[in-house]
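Right, one structure below, let's go through it.
The values are calculated or read from the model by the stated rules, or taken from the named source; none is laboratory data. Since the model is a prediction, treat every value here as computed from it, not as a measurement. Here the Cβ positions follow ideal geometry from the backbone for every residue, glycine too, while neighbour counts run over all protein chains shown. Surface areas here come from the heavy atoms of the whole protein model, side chains and all, with no ligands, DNA or RNA. Shrake-Rupley method; radii C 1.70, N 1.55, O 1.52, S 1.80 Å.
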Amino acid sequence: TALREGGSLLAAARHEHRYPYDWRSKTPVIFRTTPQWFVRLGDLRGEALAALHAVEMRPPAGRARLEAFVRGRTEWCLSRQRSWGVPLPAFYHVETGEALLTEETVEHVASLVSTHGSDCWWRLSEAELLPPRMRHEAASWRKGGDTLDVWFDSGASWAAVLSPDRCPPADLYLEG
């Protein structure tokens, strides 16, 4: 009203906002800023574009879209805040919030996942998830709740089924 009274209001109209809805849960999506994990694509871009030339795409039109994505992105957000998916094995210091994601912690969690499945991240305690030499520090760390972006996850899954170490390796791998 102050703008109207002061003659400074250029236009006014009623607008009913439509909130986006999640297609799975059919509930409104609430936008919020949260800390995220990113991978810097700069050093990977050339190798990724070169690798795409060896891929047979179905339908072929998908190639241009994927190449444009790879060329145009400087980084990729790996983390998602979902109640399903493959967990990102990061721990956070309870006082400082400092992240702990080292080769040692990842390898230890990977060995647990290999034995117990990826849900072990949600079932086991920090003491069980941390490497043995860090178990005495478990009270200082909390496990993260982020999951890996499904596109990154599925984009790397081919290595598990087409690996020459598998007996026999898959003859065909389909995504979608």
Per DSSP helix of 4 or more residues, -39500 (n - 2.57); summed, then divided by the residues of the chain. What does that give at 222 nm, rounded to the nearest 500?
-8000 deg cm²/dmol
Relative contact order, percent, of region 48-146 when contacts are C-alpha pairs under 8 Å separated by at least 6 residues?
28 percent
Take the Cβ-Cβ distance between Ser83 and Leu174 as r, set R0 to 25 Å, and report the resulting FRET efficiency rounded to the nearest 0.05.
0.40
Roughly how much of Asp43 is accessible, in Å² to the nearest 10, using a 1.4 Å probe?
150 Å²
Hey, with R₀ at 25 Å, roughly what FRET efficiency would Tyr21 and Phe152 work out to, going by the Cβ-Cβ distance, to 0.05?
0.50
By the C-alpha gyration tensor axes a ≥ b ≥ c (rounded if a/c is under 1.5, else prolate when a/b exceeds b/c, else oblate), the shape of region 114-158 is prolate
Under the classification rounded if a/c is under 1.5, otherwise prolate if a/b is larger than b/c and oblate if not, where does the chain fall, given a ≥ b ≥ c as square roots of the Cα gyration tensor eigenvalues?
oblate
In what sequence, highest mean first, do 65-78, 139-152 appear when ranked by Cβ atoms within 10 angstrom?
139-152, 65-78
Heavy-atom accessible area ranking, 1.4 Å probe, most first, across Met57, Met134
Met57, Met134
Taking 8 Å as the Cα distance limit and 6 or more residues as the minimum spacing, I'd like the relative contact order of the chain as a percentage.
19 percent
Loop-resident sites, region 1-62, for GluC sites (Glu not before Pro), counting at most 13 other Cβ within 10 Å (DSSP):
Glu16, Glu56
Within 10 Å, count the other beta carbons around each residue, average over each peptide in 30-42, 86-98, 111-123, and list them highest first.
86-98, 111-123, 30-42
How far is helix 103-116 tilted, in degrees, relative to the longest principal axis of the Cα atoms in the chain, given as a value from 0 to 90 rounded to the nearest 10?
80 degrees
